[in-house]
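Asks: Got a structure for you, questions after.
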Amino acid sequence: MTPVRYVLMCLSLMIPGTALSAKEAVTTFTLDNGMDVVVVEDHRAPVVQHMVWYRAGSADEPAGVSGVAHFLEHLLFKATETLEAGELSATVSANGGRDNAFTSYDYTAYFQRVAADRLELMMQMEADRMRSIRLTESDITTERKVIIEERNQRTENNPRGIFSEQMSAIQYYNRGYGVPIIGWRHEMEELDMEDVLAFYDRFYFPNNAILVVSGDVYPDEVRVLAERYYGTIPGNPDLTARARPQEPPQTAARRITYADPRVAQPYVSRSYLAPERDPGAQETAAALTLLAEILGGGTTSYLTSKLQFESQTAVYAGAFYRGVSLDDTTFGMVVVPGPGVTLEEAETALDDALRQFMVDGVDPEQLDRIKMQLRASQIYARDNVDGIASRYGRALTSGLTVEDVQAWPDILQAVTADEIMAAARDVLRMETSVTGYLTSDAEVSQ
């Protein structure tokens, strides 16, 4: 018996069917001001994750001020009406916790992980900065330099970052997902107080936010605290639905080459426009999730077998799908050529392998193995209060519901080989694709 099969057999014995289908203890309610609250109970350790998620990310930015969502995230660690700059994080640290924030296309989130008996203090401080930031022109100037330096480190000084940014920009004709989350540099350099406050005063209200608390808490206690600290903040009566431009039909394959002498390892990247997980209709996204694992999810994947072991044209091949997204997302692949293999040859090998996959179809044993691995990882993920809160917050700010999150594991298990192949035929179409070459050599034929 192979080690992998033995481990999976043990998992199937350790995690009986009732445990596999068990739902997390989730309670939801909405405050009078419109703020949604999600409580996920887990009393195994006296810790809590407190998160506030805003339905506002970089894809919600007005044209011409790219990066303002991320810029505001930085500035919320400055002073408020009751806290000095840096005091919130210092207080979290002094109480043995940690805090941070992050911005994505569809959301911005702020979190603290602390001992359960410090939850009230976290709510008090987080609620304070929801509507009470106190910024100075010095804050704007200083933090603008910080985000520009962050772009320098992550993008300008990283050929892979520039390449990825260009791939996304070409993938989307009309959606904000084609604009980098951190922003275009020339627009970041012009961000000012007016831009920041306009974004803050449009989106940072309780009726545009989701409070997620996971860990050693009880729903009734969370409700009392939430009403005390968040419930007193008026909602925005003028809040409108998120305005996202529709993507027109994509009918032409696109190609780019980015050459940079700093590139040590050239590779081929391919992305296809793909549907996201939709509320109440997650089956296609589940099929694409499994397709990504089948094609490029590890050393036993289809592309690895064909490109790395059989033809020996690649030293790495992977496939990726980001299903949690408010709007259309992407299904992507990467192939790193082997020694002496050109990028053109690697791309040809990728296309040949994909055509062959359409003929071969899904290996039933591989599909069963992947499903068991996904199920096991979902069970183990329940041990992480950080991950639990993030899973719900990310989903809810991307248009899904608590019921969708809880149904997802079973939907994955129910996907058939035929549904995976149907999803592959629908998504892996060259007319919706972008193929990119990252290379150190500008002399690459097209």
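The values are calculated or read from the model by the stated rules, or taken from the named source; none is laboratory data. These numbers were taken from a predicted model, which means no experiment stands behind them. Because the Cβ atoms are built from the backbone with ideal geometry, glycine has one as well, and the counts that use them run over all protein chains shown. The accessibility values were calculated without ligands, DNA or RNA, using every heavy atom of the protein model including side chains. Shrake-Rupley method; radii C 1.70, N 1.55, O 1.52, S 1.80 Å.
Asks: Roughly how much of His70 is accessible, in Å² to the nearest 10, using a 1.4 Å probe?
Replies: Only protein atoms counted, so the area is about 20 Å².
Asks: With a probe of 1.4 Å, find how much accessible area the chain has per residue, and write the answer as a whole number in Å².
Replies: For the chain, the solvent-accessible area averages 44 Å² per residue.
Asks: Okay, next question. Over the range 126-251, what portion of Cα pair distances is larger than 20 Å, expressed as a whole percent?
Replies: Roughly 64 percent, once rounded to a whole number.
Asks: If R0 is 45 Å, what FRET efficiency do you get for Thr240 and Gln312 from their C-beta distance, rounded to 0.05?
Replies: E between Thr240 and Gln312, to the nearest 0.05, is 0.20.
Asks: Any chance you could look up the accessible area of Val47 with a 1.4 Å probe, heavy atoms only, rounded to 10 Å²?
Replies: Spelled out: Val47, probe radius 1.4 Å, area about 40 Å².
Asks: Note down the accessible area of Ser89, probe 1.4 Å, to the nearest 10 Å².
Replies: Its accessible surface works out to 40 Å², give or take rounding.
Asks: On full extension of the chain, what length is gained from Arg382 through Arg228, given 0.36 nm per residue of separation minus the C-alpha to C-alpha distance?
Replies: Value of the extension gain: 52.5 nm.
Asks: Using a 1.4 angstrom probe on the protein heavy atoms only, could you order Lys371, Lys23 from most to least accessible area?
Replies: Result, largest first: Lys23, Lys371.
Asks: Using a simple charge model, +1 on the beta-carbon of Lys and Arg, -1 on the beta-carbon of Asp and Glu, nothing else, what dipole does the range 61-201 show about its Cα centre, in debye to the nearest 20?
Replies: For the range 61-201, the charge dipole is close to 540 debye.
Asks: Report the FRET efficiency, 1/(1 + (r/R0)^6), for Thr136 and Asn100, where r is their Cβ-Cβ distance and R0 is 25 Å, rounded to 0.05.
Replies: 0.60
Asks: Taking a spot 7 Å from the Cα of Leu197 along the direction of its beta carbon, which residues of the range 75-91 have an amide N less than 13 Å from it?
Replies: Taking a point 7 Å out along Cα→Cβ of Leu197, no residue of the range 75-91 has its backbone N under 13 Å.
Asks: May I ask for the distance between the Cα centers of the range 356-394 and the range 21-86, given as a whole number of Å?
Replies: Centre-to-centre (Cα) distance: 26 Å.
Asks: Also, quick follow-up: Cross-link candidates for Lys306: which lysines have Cα within less than 16 Å, leaving aside residues fewer than 8 places away along the same chain?
Replies: Here the lysines satisfying the reach criterion relative to Lys306 do not exist.
Asks: Could you tell me what percent of the accessible area of the chain is made up of carbon and sulfur, with a 1.4 Å probe and every protein chain present?
Replies: Solvent-exposed carbon and sulfur of the chain make up 52 percent of the total.
Asks: May I ask you to rank Ser214, Ser132 by accessible area, largest first, using a 1.4 Å probe over the protein chains only?
Replies: Ser132, Ser214
Asks: Considering only the other residues whose Cβ falls under 13 Å of the Cβ of Arg185, what net charge follows from Lys and Arg at +1 and Asp and Glu at -1?
Replies: -3
Asks: Let me spell out the model: positive unit charges on the Cβ of Lys and Arg, negative unit charges on the Cβ of Asp and Glu, origin at the Cα centre of the range 293-438. What dipole size does that give, in debye rounded to 20?
Replies: Around 400 debye, computed over the range 293-438.
Asks: I'd like the projected area of the range 302-373, averaged over all directions, using the convex hull of its alpha carbons. Report it in nm² with one decimal.
Replies: So the Cα hull casts an average projection of 6.0 nm².
Asks: For the chain, what is the charge dipole size about the Cα centre, in debye to the nearest 20, if Lys and Arg each add +1 at the Cβ and Asp and Glu each add -1 at the Cβ?
Replies: 700 debye
Asks: Then there is this: Got the relative contact order for the chain handy, in percent, Cα pairs under 8 Å and 6 or more residues apart?
Replies: 22 percent
Asks: How much of the calculated P(r) for the range 229-272 lies past 14 Å, in percent of all Cα pairs?
Replies: Every Cα pair in the range 229-272 considered, those over 14 Å come to 75 percent.
Asks: Taking K and R as +1 and D and E as -1, what net charge do the other residues with C-beta under 12 Å from the C-beta of Thr329 add up to?
Replies: Counting the neighbours of Thr329, the net charge comes to -3.
Asks: Right, something else. If Lys and Arg each add +1 and Asp and Glu each add -1, what is the summed charge of the other residues whose beta carbon sits under 15 Å from the beta carbon of Leu396?
Replies: -2
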